[in-house]
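Asker: Have a look at this one before I ask anything.
The values are calculated or read from the model by the stated rules, or taken from the named source; none is laboratory data. Since the model is a prediction, treat every value here as computed from it, not as a measurement. Counting neighbours? That spans all protein chains shown, and the Cβs are built from the backbone with ideal geometry, glycine included.
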Amino acid sequence: MRFADGPGVHCEVHVEAAVPRVWELVTDIRLPAGLSLELRRVEWLDGADRPAVGACFEGHNRHERLGEWRTVSRVVELDEQHVFAWAVTDVDGRYGEPTLDPARSMASWRYELEAEGTGTRLRQSVLIGPGRSGVTLALERWPDREEEIIAYRLKELRAGMEATLSGIKALAEEGA
């Protein structure tokens with residue numbers, strides 16, 4: 001896979017809890033910081049306290065190769081109890097020109113929920129780019145290793161999503 005192809009990955013899980021309970025967990029933006037391998041802390045910005053299209057939140061991340069950095073994400077889609085999606089931007093210009101423009105996002109994340117039997121089918125997905133990120137820095141340094149770099153990053157993202165979905169599943173089923 002190449003960066004220009006818009007690389008992405010998704011994971012899904014069946015959660016034996018009703019959609020409203022799962023929705024409550026996936027829209028708690030602070031929850032993944034306790035489950036993720038990379039995300040450390042998240043806070044709503046500009047007085048927001050829950051998801052709404054256009055609302056922004058700040059994330060603080062850490063990666064063994066890239067160190068620590070801050071992002072600002074903007075909610076780009078919200079369909080109550082079905083879809084929660086946001087675009088992650090490089091507001092500080094760590095990887096290039098600073099931006100809050102979702103069209104130049106470092107990545108786009110999405111949760112989708114669907115009733116399934118007595119529970120919920122929960123899907124999480126991410127698309128890398130089209131904006132600059134740690135991936136683009138690596139590609140500039142090692143252009144001949146593009147497929148390897150993309151595959152490695154997608155593997156990392158999949159592991160993070162699996163950990164997050166596993167944690168959401170456990171919390172939802174515990175409270176069901």
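Asker: Could you tell me whether Leu165 is in contact with a helix residue (DSSP H, G or I) (Cβ under 9 Å, 6 or more places away or on another chain), under 30 Å from Glu16 (Cα atoms) and aliphatic (A, V, I, L, M)?
Answerer: When the stated conditions are applied, Leu165 does not pass them.
Asker: Which number in (1) within 19 Å of Cys56 (Cβ to Cβ); (2) more than 12 Å from the chain's Cα centre (by Cα); (3) outside any loop (DSSP other than H, G, I, E, B); (4) among the small types (Gly, Ala, Ser) marks the one condition that Ala163 misses?
Answerer: Result: Ala163 passes all but (1).
Asker: Assess whether Gln81 counts as being touching a residue at least 60 places away in the same chain (Cβ under 8 Å) and over 28 Å from Ile149 (Cα atoms).
Answerer: yes
Asker: Name every residue in segment 46-83 that is modelled with pLDDT of 95 or more and among the aliphatic types (A, V, I, L, M), in order of residue number.
Answerer: Within segment 46-83, Ala52, Val53, Ala55, Val72, Val75, Val76, Leu78, Val83 meet the criteria.
Asker: Still on this structure, I have one more. Can you tell me which residue among Thr99, Thr71, Thr120 is surrounded by 12 or more Cβ atoms within 10 Å (Cβ to Cβ), under 15 Å from the mean Cα position of the chain (by Cα) and among the hydroxyl-bearing types (Ser, Thr, Tyr)?
Answerer: Thr71
Asker: If you scan segment 22-45, which residues turn out to be touching a strand residue (DSSP E or B) at 6+ places or on another chain (Cβ under 9 Å), surrounded by fewer than 19 Cβ atoms within 10 Å (Cβ to Cβ) and assigned to a helix (DSSP H, G or I)?
Answerer: Leu31, Ala33
Asker: Also, quick follow-up: Against the definition (more than 23 Å from Leu171 (Cα to Cα) and of a type in the set (Val, Ile, Thr)), how does Val88 come out, yes or no?
Answerer: So Val88 fits the description; yes.
Asker: Further, regarding this structure: Within segment 1-28, which residues are at pLDDT 95 or above and among the aliphatic types (A, V, I, L, M)?
Answerer: Within segment 1-28, Val9, Val13, Val15, Ala17, Ala18, Val19, Val22, Leu25, Val26 qualify.
Asker: Of the residues Ala176, Ala103, which single one is out of contact with any helix residue (DSSP H, G or I) (no Cβ under 7 Å at 6 or more places or on another chain) and either among the small types (Gly, Ala, Ser) or modelled with pLDDT under 95 (or both)?
Answerer: Just a single option satisfies the conditions, and that option is Ala103.
Asker: As an exercise: evaluate Gly160 against (1) in contact (Cβ under 8 Å) with a residue 40 or more places away in the chain; (2) buried (at least 16 other Cβ atoms within 10 Å of the Cβ); (3) out of contact with any Ser or Thr (no Cβ under 8 Å at 6 or more places or on another chain) and give the number of the one condition it does not meet.
Answerer: It fails just one condition, (3).
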